[in-house]
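The values are calculated or read from the model by the stated rules, or taken from the named source; none is laboratory data. Small disclaimer: the values here were computed from a predicted structure and weren't measured. Glycine gets a Cβ as well: all are built from the backbone with ideal geometry, and neighbour counts include every protein chain shown.
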Amino acid sequence: MIHIRIAECADAPGIARVHAATWKEAYKGILDDAYLGSLSQKRLATRWRATLGHRKEDLDEQVFVAVQGKDVVGFLTLGASREAFAPWESEIGMIYVLKENRGAGIGRVLMKAAADHSIRRGMFSCGLWVLRDNGGGRDFYEALKGETTGRKTDSVGGQLVQLVAYWWRDVATLADRSATAFQPGRN
Ligand SMILES: CC(C)(COP(=O)(O)OP(=O)(O)OC[C@H]1O[C@@H](n2cnc3c(N)ncnc32)[C@H](O)[C@@H]1OP(=O)(O)O)[C@@H](O)C(=O)NCCC(=O)NCCS
């Protein structure tokens, strides 16, 4: 049984485990091996502990976790738009699901949590940036009817990368598209 909830400070090690494992696997061949190899679960846990330390439910900025039993198997970060020129009001910063848990609807329910939270906070459009070469991630956003809206070059781990923007001009569309119930056993 998967449960989606707002992350607590105690989730930091679990989020760090998913963060390190998914980056090393999903970004192999896209980001530098040396950078991916240097990602340490322990250091990420310290960073996540600091990020989560001051969270309250009524903030625009939020982290959601997908939990199976006691284990974090996926997470998503949401906040207000980080760039003045971006057309959207809320922005999804990260969404990652452990490889062994993919394809069962967890990503979809995390996106639903983000869409619902955006609406509750009065942010009625939502967007994100994805690595241009991350075909799987882009297919996921396209399955949820995200529209492309821009491109940019940025630096990740000291490496210049190409990013593509997807957005939902009416976040209610994302809430509807991602409303399908979690389907255990599909993965
Ligand atoms: C992208 C990711 C979060 C999706 O999570 P998930 O739990 O596997 O996704 P879901 O099972 O909820 O899938 C939702 C829909 O997206 C589609 N989809 C998901 N991943 C896909 C992929 N790699 N290729 C094609 N379609 C995909 C599914 O087919 C599904 O559509 P359907 O219900 O119409 O069949 C997950 O695959 C992941 O962590 N990938 C690696 C990291 C990554 O790319 N993150 C995004 C960074 S910006």
Restricting the stretch 31-55 to residues that are crowded, with 16+ Cβ neighbours inside 10 Å and of a type in the set (A, V, I, L, M), which is nearest to Asp133 (Cα to Cα)? Leu31
Within the stretch 147-169, count every residue that is surrounded by 13 or more Cβ atoms within 10 Å (Cβ to Cβ) and under 15 Å from Ala86 (Cα atoms). 12
The condition of being out of contact with any Leu (no Cβ under 6 Å at 6 or more places or on another chain) and more than 18 Å from Tyr166 (Cβ to Cβ) holds, among Phe85, Phe75, only for Phe75
Counting only strands (runs of 3 or more DSSP E) wholly inside the stretch 1-81, the ones holding at least 1 residues that are in contact with a Phe, Trp or Tyr (Cβ under 8 Å, 6 or more places away or on another chain) and modelled with pLDDT under 95 are 2-6
Run down Ile119, Ile92 and say which single residue is surrounded by 18 or more Cβ atoms within 10 Å (Cβ to Cβ), of a type in the set (Val, Ile, Thr) and either closer than 26 Å to Ile2 by Cβ or in contact with a Leu (Cβ under 6 Å, 6 or more places away or on another chain) (or both). Ile92
Every residue in the stretch 71-88 that is free of Cβ contacts under 8 Å to residues at least 40 places away in the same chain and within 22 Å of Thr22 (Cα to Cα), please. Leu76, Thr77, Gly79
